[in-house]
Amino acid sequence: MKNLKMLFVAMALLMVVGLSHAQFNSSISNIDFNSGDAFPLTDACGGGAPLTNACNVQIYWDANNNGADELDALVPVGPAFNEANFNTFPLDEYGFFGLPGCFVMLENFTIAGSTPQPSKYYLVVDCGNVKWTSRVVTIADGYSEHYLSLASDWSCQVTQEPCVPQNYPIETVGGRNFLANGPYYQCLEFCANIPVTVCLGPLAADERPHAQLFPGCIGNGCDVQCAPAAPVMDPAGWTYDALSGTWCAVFVSDVEGCACFCLDFIESAEAGTFAAVARDNSVELNWTTNSESNVDRFEVLRKVAGHDAYATVGAVAATNTATGSTYNFVDNGAVNGTSYEYSLQTVNMDGSIESWGLVVTATPSSDAALITEYALHQNYPNPFNPSTNLVYDVVSDNNVNLTVYNAMGQEVATLVNGLQAAGRHTVSFDASNLTSGLYFYTVKIGNEFTATKKMLLVK
């Protein structure tokens with residue numbers, strides 16, 4: 001109360017200064033300096049958090065003398081006859097008095113010349129999801145004060161329903177067969193900066209989903225009219241809950257809206273590592289899986305680097321081991337001096353085909369096998385998004401460990417851990433589930449060689 005009384009005195013001085021220049025000179029607030037009553041405006045009708053100075057108070061003229069309606073306009077502002085000195089001011093100018101959601105005019109509301117008739121005005125605070133409208137006050141000539149400090153002085157209207165976050169459990173009965181007729185689409189709604197969890201199940205631990213989110217829900221398999229959101233997947237990516245048999249991922253958008261969720265495919269084989277070793281007129285490919293089920297074979301795809309089309313150059317039967325397997329294939333059709341790109345795809349028991357999305361490169365040459373010293377080369381491309389190639393040289397058959405760490409020194413991926421043949425090895429690293437930033441990769445070859453290099457992921 002002491003602060004309020006001090007403020008009242010200060011405001012009174014301002015009022016006296018402005019009085020000689022105006023037909024009327026008035027102060028309006030939702031704080032009563034005499035009684036101490038106050039009615040803070042909130043972000044919900046009937047309660048909620050106080051509104052802040054991000055919201056504005058607007059002054060309307062009840063020109064038709066029938067109360068607040070859509071025909072009323074803001075008080076005209078300017079130096080001319082019957083124009084006011086302002087018609088808008090921040091809501092929370094005096095929040096530092098411990099009364100957020102309240103307002104006091106920093107300067108008096110004045111009109112020059114004669115007083116407009118009728119001399120009736122009201123205030124509107126239209127902000128967020130609500131619109132507050134005050135009762136009409138009549139301002140007489142001279143100086144006056146008007147307090148809108150009681151609940152009965154205000155009416156409230158919900159202008160839009162607040163965004164309510166949702167989570168999405170998507171039933172995928174049949175596992176991989178759930179997508180027998182093509183990709184699955186669903187429109188997801190997002191509130192700004194509130195996580196949304198998408199869970200798919202029932203699925204087995206080796207039935208990992210692969211999905212994309214497209215801003216907006218028009219096209220891309222969805223058909224819902226809404227503002228586009230911009231969701232980003234949590235760095236943890238898809239995680240498996242063995243108790244519920246579901247794969248779940250968390251997405252966050254910095255704006256409210258919607259996005260089209262597209263489930264592209266469900267893995268038959270969970271990819272592990274994929275590496276290429278250049279030989280004399282051949283390229284040796286080695287790959288591992290973390291789990292497999294219902295896979296018939298792996299097909300090896302090759303193209304000349306820079307060309308568009310892949311060709312199938314071989315196939316390797318799958319073992320369908322739940323804990324994964326190690327595979328090897330030698331492309332004896334490669335030509336020295338030509339750079340090749342290789343990829344893999346799985347052919348499932350039902351005939352469906354899934355791409356691994358990993359690519360490795362190699363250039364066979366007559367001296368490719370003549371590696372004379374251990375080495376770790378700079379990854380390429382660098383910076384990269386989301387995949388890059390890591391290259392290292394092995395002088396003779398040896399155990400190799402190739403591991404990726406984040407800037408905090410935490411391990412984020414082990415790409416190779418086992419016996420490797422002599423030669424130059426190229427390993428593809430997919431960082432789709434990682435955030436932008438600096439990463440380190442370290443190779444340890446037996447007891448003979450250890451090296452570390454930096455790489456930069458930019459999304």
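Observations
- Matching residues, the stretch 254-274, being more than 30 Å from V300 (Cβ to Cβ) and in contact with a Leu (Cβ under 9 Å, 6 or more places away or on another chain): C258, A259, C260, F261
- Tally of residues being closer than 13 Å to A269 by Cα, among the hydroxyl-bearing types (S, T, Y), modelled with pLDDT of 85 or more and open to solvent by less than 50 Å² (accessible area, probe 1.4 Å) across the stretch 326-357: 2
- Pick from the stretch 195-221, criterion among the polar types (S, T, N, Q) and not in a loop (DSSP other than H, G, I, E, B), ranking: modelled with the highest pLDDT: T197
- Any hit, the stretch 172-190, residues being outside any strand (DSSP E or B), among the small types (G, A, S), under 28 Å from the mean Cα position of the chain (by Cα) and exposed (fewer than 12 other Cβ atoms within 10 Å of the Cβ): yes
- Within the stretch 242-255, the set of residues being surrounded by 18 or more Cβ atoms within 10 Å (Cβ to Cβ), within 16 Å of P169 (Cα to Cα) and either within 10 Å of the chain's Cα centre (by Cα) or of a type in the set (A, V, I, L, M, F, W, C) (or both) comprises W247, C248, A249, V250, F251.
- Taking every residue in the stretch 155-177 that is farther than 30 Å from V136 by Cβ and pairing it with any residue that is open to solvent by 70 Å² or more (accessible area, probe 1.4 Å) and aliphatic (A, V, I, L, M), at least 6 positions away or on another chain, yields no pair with a Cβ-Cβ distance below 6 Å.
- Residue count, the stretch 202-221 (criterion: open to solvent by 60 Å² or more (accessible area, probe 1.4 Å) and within 18 Å of G237 (Cβ to Cβ)): 1
- Of all residues in the stretch 222-241, exactly one satisfies the criterion of being outside any loop (DSSP other than H, G, I, E, B), under 24 Å from D430 (Cβ atoms) and open to solvent by less than 50 Å² (accessible area, probe 1.4 Å), namely P231.
- Extreme residue, surrounded by the fewest Cβ atoms within 10 Å (Cβ to Cβ), among residues of the stretch 38-78 that are within 25 Å of S119 (Cβ to Cβ) and in contact with a Ser or Thr (Cβ under 6 Å, 6 or more places away or on another chain): Q58
- Condition check for T435: closer than 22 Å to V277 by Cα and either of a type in the set (V, I, T) or not in a loop (DSSP other than H, G, I, E, B) (or both): no
- Check on Y122, among the aromatic types (F, W, Y) and open to solvent by less than 30 Å² (accessible area, probe 1.4 Å): yes
- Given (1) farther than 22 Å from E270 by Cα; (2) assigned to a strand (DSSP E or B); (3) open to solvent by less than 70 Å² (accessible area, probe 1.4 Å), number of the condition S396 does not satisfy: (2)
- Residue in the stretch 386-400 that is β-branched (V, I, T) and touching a His at 6+ places or on another chain (Cβ under 7 Å) present: yes
- Odd one out for V196 among (1) of a type in the set (A, V, I, L, M, F, W, C); (2) touching a residue at least 60 places away in the same chain (Cβ under 8 Å); (3) over 15 Å from E354 (Cα atoms): (2)
The values are calculated or read from the model by the stated rules, or taken from the named source; none is laboratory data. Not measured: the values here are computed from a predicted model. Here the Cβ is made from the backbone with ideal geometry for all residues, glycine too, and neighbour counts use every protein chain on show. Just so you know, the surface numbers come from the protein's heavy atoms only, side chains and all, with ligands and any DNA or RNA stripped out. Shrake-Rupley method; radii C 1.70, N 1.55, O 1.52, S 1.80 Å.
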